[in-house]
Amino acid sequence: MWYKPENEASVFTPAVLLFPDRIEENIRRMIAIAGHADRLRPHVKTHKIAELIMLQVQMGIKRFKCATLSEMKMVASSGGGDALLAYPLVGPAIEKFMHLTDTFASTRFSATVDSLEACRQLSEKARSKGKKISVFVDLDTGMHRTGIDPGMALELIESISTDPSLVFGGLHIYDGHIHEAEPEARKAHCEADFEAVHVLVDQLTARGIEGYELACGGTPTFPIHARHAERTLCPGTPVLWDAGYGQSFPDLDFLPAAVIAGRVISKGENRICLDLGYKSIASEMPHPRLQILNLEHGEVLNHSEEHLVLSSAQAIDASPGDLVYALPTHICPTMALHEQVYVVREGLVMDVWKVVARKRIYKP
């Protein structure tokens, strides 16, 4: 059982176990799909761990995508040369973003915007500091969360291009609404939604606006965007992988590299209670929130803050303290629930890594 360390008694549960050999293989597969490491801009929200930024940098990846300022700080502190914040900068976050640019002068920081007002606020702050800010225009191609309609983005981009305090860094195109299981259906959906981006790119070319980045997609559309050499690729989950994507997208060939460990804390007739409450497992997904690897079980009877109760015919053979291992359905928010992870090499827990960017609060 690859997921079970020989010194499992040392694991304080609930916990996340990471397997660096599998993570390295996943990064190699990401690079193979991309063609070369320079095309990748992986999303760091999946893991939020400095050691995994350093590993990716060692393997040739220079650019990263972030959801929070604390993630940007982690990237810059760990050798990442380029960090894109794919989240609106508002309020005090603008000042903290500027502080990052001052503190880590060797890292290129970029922000996303989707309105003239957002640009105005960034421009005013940059001008007051005597700096120039790189900005990407966030396009809404169907996600309907943040972003501007591509058909309305030209004025915004022209405004950025003529602002002395801003630099047009590129377009950010996240298509998290595309999740067809069948690869050809997913490809057709992706290409149809991207047509509006093609029109915008042609408009920019006609106006002499060139040399910018197209930061595209997430994990499900990663290999689709990879077929287009002009696009930068932004997968996140493949670094660790999870049961949800593994089941939904069997065409994506990555290895589970993050395992949840819990213990039996109580049992009854055909019932087992584990210490895997939703303080340790992301709860935004419907059940099953875990794919348990070494315990046969039926339905989830109860899931609360500290408890996960399952029906199981194996209850009669289970003992309090028995280790249970599982793959999370959604790894990204699960990682944010843990302050640290155990690192397993050659079948042994050998190290502990901090999940340094799990909190949104940016501390200089």
Looking at the range 105-148, which of its residues are open to solvent by 80 Å² or more (accessible area, probe 1.4 Å) and under 25 Å from the mean Cα position of the chain (by Cα)?
Ala105, Ser106, Arg108, His144, Arg145
Counting only residues in the range 324-342 that are surrounded by 19 or more Cβ atoms within 10 Å (Cβ to Cβ) and assigned to a strand (DSSP E or B), the one nearest to the chain's Cα centre (by Cα) is identified as Pro328
Looking at (1) hydrophobic (A, V, I, L, M, F, W, C); (2) over 17 Å from Pro5 (Cβ atoms); (3) open to solvent by less than 70 Å² (accessible area, probe 1.4 Å), which is the one condition that is false for Ile265?
(3)
Would you pick out the residues in the range 20-59 that are farther than 28 Å from Ser110 by Cβ and open to solvent by 10 Å² or more (accessible area, probe 1.4 Å)?
Asp21, Arg22, Glu25
Among (1) buried (at least 23 other Cβ atoms within 10 Å of the Cβ); (2) in contact (Cβ under 8 Å) with a residue 40 or more places away in the chain, which single condition is Ala243 missing?
(1)
Qualifying position, being under 18 Å from Lys65 (Cβ atoms) and either surrounded by fewer than 21 Cβ atoms within 10 Å (Cβ to Cβ) or in contact with a Cys (Cβ under 6 Å, 6 or more places away or on another chain) (or both), among Leu89, Leu154, Leu85:
Leu85
For the range 269-281, name all the residues that are among the hydrophobic types (A, V, I, L, M, F, W, C) and either over 20 Å from the mean Cα position of the chain (by Cα) or surrounded by fewer than 20 Cβ atoms within 10 Å (Cβ to Cβ) (or both).
Ile272, Cys273, Leu274, Leu276
Options Arg231, Arg207: the member that is buried (at least 21 other Cβ atoms within 10 Å of the Cβ), at pLDDT 95 or above and more than 18 Å from the chain's Cα centre (by Cα)
Arg231
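The values are calculated or read from the model by the stated rules, or taken from the named source; none is laboratory data. On a predicted model such as this, the values are computed, not experimentally measured, just so you know. Cβ atoms come from the backbone with ideal geometry, glycine included; neighbour counts cover every protein chain shown. These accessible areas exclude ligands, DNA and RNA; they are computed on the full protein's heavy atoms, side chains included. Shrake-Rupley method; radii C 1.70, N 1.55, O 1.52, S 1.80 Å.
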